[in-house]
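J.: Below is the structure I would like to discuss, written out as C-alpha cells.
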Amino acid sequence: MRVGVIGAGVMGTNHARVLGGLPNTTLVGIVDPLPEHRARATEHAGCRAFETLEQLVAEGVDAVTIAAPTHLHHEVALACIERKIHIMVEKPVASTVAEGREIVAAAARAGVTLMVGHVERFNPAVAAIKQALSGEDILSIAITRVGPFPPRMSNVGVVIDLAVHDIDLIRWFTESEIIEVQPQLSSAVAEREDIALLQFRTASGVLAHINTNWLTPFKARSVTVATRNKYIMGDLLTRQVTECFGFKQDGSYSMRHLPVAHDEPLRAELIAFLGAVRAGSAPAVSGDEGVASLEIAIRCLEHPTKPVASAERKGPRRIVG
C-alpha cells in the first residue's frame, strides 16, 4: 500500500517515521508548505517531502494521514476524499461540528475509509483498563491529564488540545453517550483556557470528570474507574494498571497488577488504520465517534457553568447557639 502524510510538524513527522517502518507499506512522502518542516521530516523520517498535496497525489497514494493544523483538516480531508484516497485525520477531526459532519458524509458517499486519530485508545494501559471493564457496571470515571504549557504555539486551549482525548475515552469505556456537561474553565496565564474541570453524566448514568491544565510543572496522565465490583487505577505514562477487587465488610480487599502490552500507541493506531483500509472494514475510531467527542468538547467551551451567587466575597456565616 502506498501512503503519505500531510503536515510535517512534530506529529506528522512521527507518522512518517512509523509508516516508513511498516511491512507491506511504501511511504511515498510527506507534505508541508514550510521548507523548514520539510527539511526536518526528511532528516528524521528519511522520506521525500513535497510542498503541495497535488505533488504527493501525482506520485500515487492509496491512503494518507492528516496531521496538518486543525483549521486545515476540513479542506484537506475533502480534497483527499474527492480523489478517493483513504484518510486518517488527527484529533480533533475538524474545527467545528458542521465541518466534521461534512467530512463524514463525504467519506461515506465516496466509499472512502475515514478514521479519526484518537491515539490514546491505543495506549496499552488504556487497552488493559478497557478489557478489565468488560461486563462491569461502571459507576464513575476520573481522568487527570496535566502538564506544563506546551512550547508549541496553539490556537486552542486545554479542552480541545487535551480533554478531547478523555472525552473520547469516557464514551469508549462506557459505550454510552454523554448527556450532561458541567464545565469550569479558567485562563490563568494563557489567552485561552488553561485550566478545565469538566463533569459529565452519560446516558447509562455514569458520573465522570476530567481534570486538565497547562500549569502543572510535570506531565501526569491517570485514569481511575469505579464499578460495582472493582476499582481500577491506571497510569498512562508508566503504563501500570492496578485492580482492586473482592471487597469485604471489614474493609479488606485484594489487589493485583494487570498485564499491559508494550506496543507504541501510534504504531498500533496506524496499523489499525491501514488494516481497515485493506479489509474494507470499519475503522477503530469512526468519523462519527470523532465528531461526537468534538461536539462535547465544544459544548464545554460554549456553556461554562454560571455562578449561582454573587461574585462579591462574603464572610462566613455566624453560628448562633
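Every number in this text was worked out from the coordinates using simple rules, so none of it is lab data. Bear in mind that the values here come from a model prediction, so they are computed numbers and not experimental data. Note that each Cβ is placed from the backbone with ideal geometry, even for glycine, and that neighbours are counted across all protein chains shown.
J.: For Met115, list long-range residues whose amide hydrogen, built 1.01 Å from N in the peptide plane, is under 5 Å from its own amide hydrogen.
T.: Here Ile87, Met88, Val89 satisfy the definition.
J.: What translational diffusion coefficient, to the nearest whole µm²/s, does region 153-233 have by Stokes-Einstein, given a Kirkwood radius computed over alpha-carbon pairs, a temperature of 10 °C and 1.306 mPa s viscosity?
T.: The diffusion coefficient I find is 116 µm²/s.
J.: Sorted by average packing, counted as other Cβ atoms within 10 angstrom per residue and highest first, what order do 264-276, 137-149, 84-96 take?
T.: 84-96, 264-276, 137-149
J.: Between Leu215 and residues 5 or more places away or on another chain, which pairs have amide H atoms under 5 Å apart, with H built 1.01 Å from N, and which residues are they?
T.: Correct list: Gly147.
J.: Rg over Rh of region 50-168, using C-alpha atoms and the Kirkwood radius, what does it come to?
T.: Rounded to two decimals, Rg over Rh is 1.03.
J.: Right, here's the next one. Can you give the Rg/Rh ratio of the chain, where Rg is from the C-alpha atoms and Rh is the Kirkwood radius?
T.: 1.02
J.: Just to check I understand the Karplus step: with θ = phi - 60° and J = 6.51 cos²θ - 1.76 cosθ + 1.60, what whole-Hz values come out for region 103-114, glycine and proline as x?
T.: 5, 4, 5, 5, 5, 5, 5, 7, x, 9, 5, 10
J.: Let me ask something else about it. Once phi is turned into θ = phi - 60°, what whole-Hz ³J(HN,Hα) does the Karplus curve with 6.51, -1.76 and 1.60 give for every residue of region 11-20, x standing for Gly and Pro?
T.: 3J(HN,Hα) across region 11-20, in whole Hz: 5, x, 4, 5, 4, 5, 4, 5, 4, x.
J.: Taking the alpha-carbon centroid of each part, what is the distance from region 132-188 to region 16-82 in angstrom?
T.: 29 Å
J.: Can you list the HN-Hα couplings for region 23-40, worked out from phi with the Karplus curve (6.51, -1.76, 1.60; θ = phi - 60°), rounded to whole Hz and with x for Gly and Pro?
T.: Here the 3J(HN,Hα) series is x, 6, 9, 10, 7, 6, x, 10, 10, 6, x, 8, x, 5, 5, 5, 5, 5 Hz.
J.: Let me ask another. Taking the Cα centre of the chain as the origin, how large is its charge dipole in debye, to the nearest 20, when only Lys and Arg (+1) and Asp and Glu (-1) carry charge on their Cβ atoms?
T.: That gives a dipole near 840 debye.
J.: Lysine pairs in the chain with Cα distance under 21 Å, only those 8 or more apart or on different chains: how many are there?
T.: Close lysine pairs found across the chain: 5.
J.: In whole Å, what are the extents of region 59-110 along the principal axes defined by its C-alpha atoms, from largest to smallest?
T.: Projected onto its principal axes, the Cα set of region 59-110 covers 30, 23, 13 Å.
J.: Across bins of 5 angstrom width beginning at 0, how are the C-alpha pair distances of region 1-102 distributed, in whole percent?
T.: Binned Cα distances yield the sequence 2, 15, 27, 26, 18, 9, 3, 0.
J.: Taking every pair of alpha-carbon atoms in region 129-192, give the share separated by more than 15 Å as a whole percent.
T.: Here the tail beyond 15 Å accounts for 61 percent of pairs.
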